[in-house]
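Chemist: Please see the structure below; I have some questions.
The values are calculated or read from the model by the stated rules, or taken from the named source; none is laboratory data. Everything numeric here is computed off the predicted structure, so don't read it as measured data. All Cβ positions, glycine included, derive from the backbone under ideal geometry; neighbour counts span all protein chains shown. Note: areas computed on protein heavy atoms with side chains; ligands, DNA, RNA excluded. Shrake-Rupley method; radii C 1.70, N 1.55, O 1.52, S 1.80 Å.
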Amino acid sequence: DNIKYIAFRDTYGSADANYYYQQRWNAHDQDEAPDVREMLGEIKDEQLKNELFDLFRIEPLLDKKIILLSSGELRKFQLTKTLLTAPRVLIMDNPFIGLDAPSRDVLVEMLQQMTKLKSVQVVLLLSNPDDIPGMITHILPVKQRKCLPIYSREEFLKQTDLIADLFP
């Protein structure tokens, strides 16, 4: 329970993502779709809830249908829902996939704010070196399912041959 993993490939949950993309454009399906408030469920830790709702600006989204959220709003929802479980480690798999430049900037800002929450350690799994945010302190490159030596962010970014090899 102390480690949570979010993959942003299937942003809408366990159902088929294509179904939800189609559903998003079918107005008659909106009535059956849950809203953000329903999906968040009962929240026990009121202080944590207030911190997260403020951090990710969730309040305006509460009555929105989940299928009508933008990519950025979905990430905010997913992060809030996951962080409400108070994980010690949050692993995010390619959180920048599918986001436009302004949404990427918002996500980086959210990540910077999350790193200020001393109770959670954020681990990003990235497939593009350009996605490495400035607040990242250490990088553990993985090649063919094997961990390479750990680098500080600065040391890693100087390893142009390694980066070219890892990200062809």
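Chemist: Which condition breaks for N128 when tested against (1) surrounded by fewer than 17 Cβ atoms within 10 Å (Cβ to Cβ); (2) at pLDDT below 90; (3) in contact with a helix residue (DSSP H, G or I) (Cβ under 9 Å, 6 or more places away or on another chain)?
Modeler: Only one criterion in (1) surrounded by fewer than 17 Cβ atoms within 10 Å (Cβ to Cβ); (2) at pLDDT below 90; (3) in contact with a helix residue (DSSP H, G or I) (Cβ under 9 Å, 6 or more places away or on another chain) is unmet by N128, namely (3).
Chemist: Picking from Q47, Q112, Q78, which residue would you name as being open to solvent by 40 Å² or more (accessible area, probe 1.4 Å) and within 19 Å of Y5 (Cα to Cα)? Walk me through it before giving the result.
Modeler: Numbers: Q47 fails: within 19 Å of Y5 (Cα to Cα); Q78 fails: open to solvent by 40 Å² or more (accessible area, probe 1.4 Å).
The conditions single out Q112.
Chemist: Against the conditions (1) open to solvent by 50 Å² or more (accessible area, probe 1.4 Å); (2) at pLDDT 85 or above; (3) in contact with a Ser or Thr (Cβ under 6 Å, 6 or more places away or on another chain); (4) not charged (D, E, K, R), where does G98 fall short? Just the number, please.
Modeler: (2)
Chemist: Now for a different question. Which ones in the stretch 57-72 are among the charged types (D, E, K, R) and either farther than 26 Å from S119 by Cα or crowded, with 20+ Cβ neighbours inside 10 Å (or both)? Steps first, answer last, please.
Modeler: Narrowing the stretch 57-72 to residues among the charged types (D, E, K, R): 57, 59, 63-65.
Across the stretch 57-72, the qualifying residues are D63, K64, K65.
Chemist: What's the total number of residues in the stretch 149-168 that are of a type in the set (A, V, I, L, M, F, W, C), surrounded by 15 or more Cβ atoms within 10 Å (Cβ to Cβ) and more than 24 Å from the chain's Cα centre (by Cα)?
Modeler: 1
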